[in-house]
There are 2 protein chains.
Amino acid sequence: MSNPVRLIKIKEDIQADNDALAQGLRDELRQRRTFLINLMSSPGAGKTSLLLQTTAALKNSLRMAVIEADIDSTVDAQTIVSSGIEAVQLQTDGFCHLDVQMVRQGLASLDIDALDLIFIENVGNLVCPAEFDTGAELDVMILSVPEGDDKPLKYPLMFSKCDALIVNKIDYLETPLTNFSMDAMENRVRKLNPGIQIFPVSCRTGEGIREWVGWLAGKVAAEKV
Amino acid sequence: MSNPVRLIKIKEDIQADNDALAQGLRDELRQRRTFLINLMSSPGAGKTSLLLQTTAALKNSLRMAVIEADIDSTVDAQTIVSSGIEAVQLQTDGFCHLDVQMVRQGLASLDIDALDLIFIENVGNLVCPAEFDTGAELDVMILSVPEGDDKPLKYPLMFSKCDALIVNKIDYLETPLTNFSMDAMENRVRKLNPGIQIFPVSCRTGEGIREWVGWLAGKVAAEKV
C-alpha cells in the first residue's frame, strides 16, 4: 500500500521560569554538598527496584533519602522506607511530572545537610518529566527491555537530556519473548546523545548494578571535593 | 525501620472546557455512524502491535483508519500504513496527551463518512491521556505484563476510566522473569472499575486476540443499528 503518512504538528508552549529556579536549586545544593539525582522512566521500568539495589549498595558509605512522586498512592515510598531508607512521598494529584517547586516541597521535609545523596523518583512517564528541569545534578533514565528498542525514536527529548541510561530487565534478552536489539537501541540513543553513559542491568538478578553504582558513587565523590 | 512516610499533596488544575467539546464530537460521530476508539498505554506496552492485530482481523468487515499521536517521529504511522490501513500522524511537539481539538485536527484529514471505525493511538503515557476526554466512544488501555501488577495502584484514574483493559504480553507469564499476578492485578482493577472488560492477549502469538476483536466488533455493530 502507498497511503502517504499525513503529518500534523501541534505546537504547545509548556515552560515557565522553571529553568532559572532549577539552576538556583542546583547552585544551592552544590554549596551544601548534597547531590540530587532525578530518576525517570516509563511506568514499570524498574525505578523503585533500581533505588532498592542502589541504596543497598551505598548505604554503608553515603547518607541517602528518596523523594517519591506519584499521581496517587504511597506504595513506592512504603517500599523504600521498609528497606531502611528515608523517603517522602509527593502526591501530584494528577500532575504528570515534577517541577522545581514540587521538588522543593519534598526537600523541605528532609534534613538536607545531613544527607549526601537524594534521589527523586519522578512520575512514571517518558514525556513531561523530560521537559522540566528539577534542579538535579544528574538526570538518569531507565529503559526496560520489554518496552522495545525503538523508544529513542519516540521519546527523543528524554534520551537527549539524560546523563545516564540504565537498560533494565536484560534477563529478558535471553528469551524469545523480545526482539530487542541492544545495538539498535544504542545507535539510536547515541545519535541523540553521544556522551550518555549506558548501563545494562537486571534489578532482578543484580547483574550490572555494580558498574552503575560505581559510576554514581564517583559522581557524588567528585562533587564533595 | 519505622521511618514514617511523609505525604505532601500537590494540587494542580488541569482541565478546561474539553469535556463539553468531547461530548459534542461524540454526538456528531454517532450521527455519522463512525465509531471512534481511544487506545492508551505506557510506552512499549503494545499499542501499535494491537492495532496491527486488530485491523488485520477486521479488515474484511470494517473500513478503518488510525490517528497516531507521538511527541515526535512517524514510526507508528509508517507501520500502520505498511499494513494497508490508512493512518495520519499527529506530532504533539512535546505535549503529552491528546485533547478533542487535536483529535479534530486528525479527523479533518480523514473521510469520516467512508469509515466505520477510527482508532486513536494516544501518546504513550498512563497519566495525562487519562485526564482528557478525546470524544471517543470507547476508552481502551493496554497494560503489559512486564510493567507489573501494581499499576492500578499507581495510575488509578487510567484504570478507572477505561471501558476495556487489554493485558498484553501474557506469554511472559510462563517465564520466571516476572512475578506478575493476574489475580492481584484484576482485584486491584475491579476495585476501581467493577464493570471493566479484561482481555488477556499476546500480540506476539495472537493468543486472546479473537475475544478482544469479537467484543470490539460487537460494540461497533451495536452503534450502527
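The values are calculated or read from the model by the stated rules, or taken from the named source; none is laboratory data. Owing to the predicted nature of the structure, the values given are computational and were not obtained by experimental measurement. Quick reminder, even Gly has a Cβ in these numbers, built from the backbone with ideal geometry, and neighbours come from all protein chains shown. Remember, those area values only see protein heavy atoms, side chains included, never the ligands or the DNA or RNA. Shrake-Rupley method; radii C 1.70, N 1.55, O 1.52, S 1.80 Å.
Points to keep in mind about this one:
- Any chance A:Val81 is in a strand (DSSP E or B), of a type in the set (Val, Ile, Thr) and out of contact with any Gly (no Cβ under 9 Å at 6 or more places or on another chain): no
- Scan of region B:71-96 for residues that are open to solvent by 20 Å² or more (accessible area, probe 1.4 Å), among the β-branched types (Val, Ile, Thr) and in contact with a Pro (Cβ under 8 Å, 6 or more places away or on another chain), ordered by number: B:Ile71
- Within region A:193-205, the residues that satisfy the criterion of being outside any loop (DSSP other than H, G, I, E, B) and open to solvent by 40 Å² or more (accessible area, probe 1.4 Å) are A:Gln197, A:Pro200.
- Inclusion of B:Leu52 among residues that are surrounded by fewer than 23 Cβ atoms within 10 Å (Cβ to Cβ), touching an Asp or Glu at 6+ places or on another chain (Cβ under 6 Å) and under 23 Å from B:Val201 (Cα atoms) is not warranted.
- Any hit, region B:145-154, residues being more than 11 Å from chain A (Cβ to nearest Cβ), touching a strand residue (DSSP E or B) at 6+ places or on another chain (Cβ under 9 Å) and of a type outside the set (Gly, Ala, Ser): no
- Looking across region B:21-45, the residues that are under 26 Å from A:Val127 (Cα atoms) and open to solvent by 10 Å² or more (accessible area, probe 1.4 Å) come down to B:Leu21, B:Gly44.
- Matching residues in region B:133-144 - criterion: being away from every other protein chain (no Cβ under 12 Å), of a type outside the set (A, V, I, L, M, F, W, C) and touching a strand residue (DSSP E or B) at 6+ places or on another chain (Cβ under 8 Å): B:Thr134, B:Gly135, B:Glu137, B:Asp139
- Filter result for B:Ala136 (small (Gly, Ala, Ser), buried (at least 17 other Cβ atoms within 10 Å of the Cβ) and part of a loop (DSSP other than H, G, I, E, B)): yes
- Criterion applied to B:Leu98, B:Leu62 was being within 18 Å of A:Leu126 (Cβ to Cβ) and either modelled with pLDDT of 90 or more or in a loop (DSSP other than H, G, I, E, B) (or both), and the one residue passing it is B:Leu98.
- Cβ-Cβ contacts under 6 Å between residues 6 or more apart (or on different chains), taken from a first residue in region B:67-92 that is more than 7 Å from chain A (Cβ to nearest Cβ) to a second residue that is aromatic (Phe, Trp, Tyr) and in a loop (DSSP other than H, G, I, E, B), are absent.
- For region A:211-225, the candidate set comprises residues that are modelled with pLDDT under 85 and in a helix (DSSP H, G or I); within that set, the residue that is farthest from the chain's Cα centre (by Cα) is A:Lys224.
- Residue that is most open to solvent (accessible area, probe 1.4 Å) [pool: residues in region A:177-192 that are within 13 Å of another protein chain (Cβ to nearest Cβ) and in a helix (DSSP H, G or I)]: A:Lys191
- Matching residues, region A:101-123, being assigned to a loop (DSSP other than H, G, I, E, B), within 7 Å of chain B (Cβ to nearest Cβ) and within 18 Å of the chain's Cα centre (by Cα): A:Val123
- Among the residues making up region A:97-126, those that are open to solvent by 10 Å² or more (accessible area, probe 1.4 Å) and either without any contact (Cβ under 8 Å) to a residue 40 or more places away in the chain or of a type in the set (Phe, Trp, Tyr) (or both) are A:Gln105, A:Ala108, A:Ser109, A:Asp111.
- Per-region count, region B:155-176, residues surrounded by fewer than 19 Cβ atoms within 10 Å (Cβ to Cβ) and facing chain A (nearest Cβ under 10 Å): 5
- Cβ separations smaller than 6 Å between residues 6+ apart or across chains give the following pairs from region A:203-225 residues that are without any contact (Cβ under 8 Å) to a residue 60 or more places away in the chain to residues that are open to solvent by 40 Å² or more (accessible area, probe 1.4 Å): A:Gly208/A:Pro200.
- When region B:155-172 is filtered for residues that are of a type outside the set (Lys, Arg) and assigned to a loop (DSSP other than H, G, I, E, B), the ones remaining, listed by number, are B:Tyr155, B:Cys162, B:Asp163.
- Counted residues, region B:139-154 - those being surrounded by 23 or more Cβ atoms within 10 Å (Cβ to Cβ), among the aliphatic types (A, V, I, L, M) and assigned to a helix (DSSP H, G or I): 1
- Test for B:Asp72: is it within 20 Å of B:Gln101 (Cα to Cα), part of a helix (DSSP H, G or I) and at pLDDT below 95: no
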